[in-house]
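K.L.:
There's a structure below that I have some questions on.
Just so you know, all these numbers are worked out from the coordinates, no wet-lab data involved. Please read these numbers as outputs of a predicted model, since none were measured by experiment. Note that each Cβ is placed from the backbone with ideal geometry, even for glycine, and that neighbours are counted across all protein chains shown.
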């Protein structure tokens, strides 16, 4: 009898493991340039990875939860979904972080990144600056597109 | 000859259910009737040089009347509505309702702080030092976020009330 329970327990653990594996979002590979260190920014790299994985997957609702809380209040969800869809066409395969610019006073960090997209006409690179703010121990992405989200800008 | 009361009621129900009684109705729901007269009042109150589509105008009118209805149901204090009648009163109540609900819902935790931290250049003084996030600045940022949130919240609240009162918008030839 106890053997059956043990077997059932092992099966349950296996199923949970498979479920957790499936729940993980696969995303672009994130690499850090040798000159770059983001030590002391606990959780930033993990959140960065998760965010870009969600963006790559086209998961607007998931990515929206990682946008800074003020943006979650000021940006209409439908506009955000359209924005994510806009960038979902090309597949982001790799992001290399080659620069870090932090502000201790504002608990913010901007990462200079080089993205590699996989498209029909071969790979394409694009450099961009991705900024993050820390609030209550968690990192949030800063939406920085005044053309698409003018409402999240000036006071 | 005396007409029996039930005949009168029957005629009222049958005739009341067709054409003329609902002429001028642009939307209806449970305890809600929106007329072309309301729509005209809404259009008059719209900003100049702004020509909304029929659908947008009806939705704005329905929203105003639904918010006003809720304001009354919840006894929302509204000094702006005092002494006003008809659609003007509904507009004042609607504004009070939205303000009250926004205050109740508030902002997500971290909204003000994250705005401040994400807009560093905006909050540096002339020497390049950070302007401290004091109560006054918090209030300014809070008001800025609420200003952007208001139309988003109003849309979701409108959808909620349309469902609550089962409001349907009539086709152009009437309900």
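K.L.:
Give me log10 I(q)/I(0) at q = 0.13, 0.18, 0.21, 0.22 Å⁻¹ for segment B:95-175, Debye formula, one equal scatterer per alpha-carbon, no solvent.
P.N.:
With no solvent term, the Cα-only Debye profile gives -0.58, -0.84, -1.00, -1.05.
K.L.:
Related question: Using only Cα atoms, what is the ratio of the radius of gyration of chain B to 2.2 N^0.38 Å?
P.N.:
Numbers: Rg = 22.9 Å, N = 175, 2.2 N^0.38 = 15.7 Å.
Relative to the rule-of-thumb radius for its length, chain B sits at 1.46.
K.L.:
While we're looking at this one, here's another question. If you average the alpha carbon positions of segment B:38-91 and of segment A:72-149, how far apart do those two centres end up, in angstrom?
P.N.:
40 Å
K.L.:
Shifting gears a bit: Can I get the semi-axes of segment B:18-112's equivalent ellipsoid? Compute them from the C-alpha gyration tensor as square roots of 5 times the eigenvalues, in angstrom, largest first.
P.N.:
Working: eigenvalues 140, 54, 40 Å².
In descending order the semi-axes read 26, 16, 14 Å.
K.L.:
Quick check on segment A:53-125: take the gyration tensor over C-alpha atoms, sort the square-rooted eigenvalues as a ≥ b ≥ c, and tell me if it's rounded (a/c under 1.5), prolate or oblate. All intermediate terms of the calculation are to be shown ahead of the outcome.
P.N.:
On the way: a/c = 2.96, a/b = 1.13, b/c = 2.62.
The shape class here is oblate.
K.L.:
Taking the 0 to 90 degree range and rounding to the nearest ten, how far is the long axis of helix B:36-45 tilted relative to the main principal axis of chain B, both from C-alpha atoms?
P.N.:
30 degrees
K.L.:
Another one. Beta carbons within 10 angstrom, averaged per residue: use that to sort the peptides B:153-164, B:138-149, highest first. It would help to have the intermediate numbers written out before the result.
P.N.:
On the way: B:153-164: 15.2, B:138-149: 16.8.
The packing order, highest mean first, is B:138-149, B:153-164.
K.L.:
Quick check on segment A:27-152: take the gyration tensor over C-alpha atoms, sort the square-rooted eigenvalues as a ≥ b ≥ c, and tell me if it's rounded (a/c under 1.5), prolate or oblate. Let's see the in-between values first.
P.N.:
On the way: a/c = 1.78, a/b = 1.04, b/c = 1.72.
Oblate, since a/c reaches 1.5 and b/c is not below a/b.
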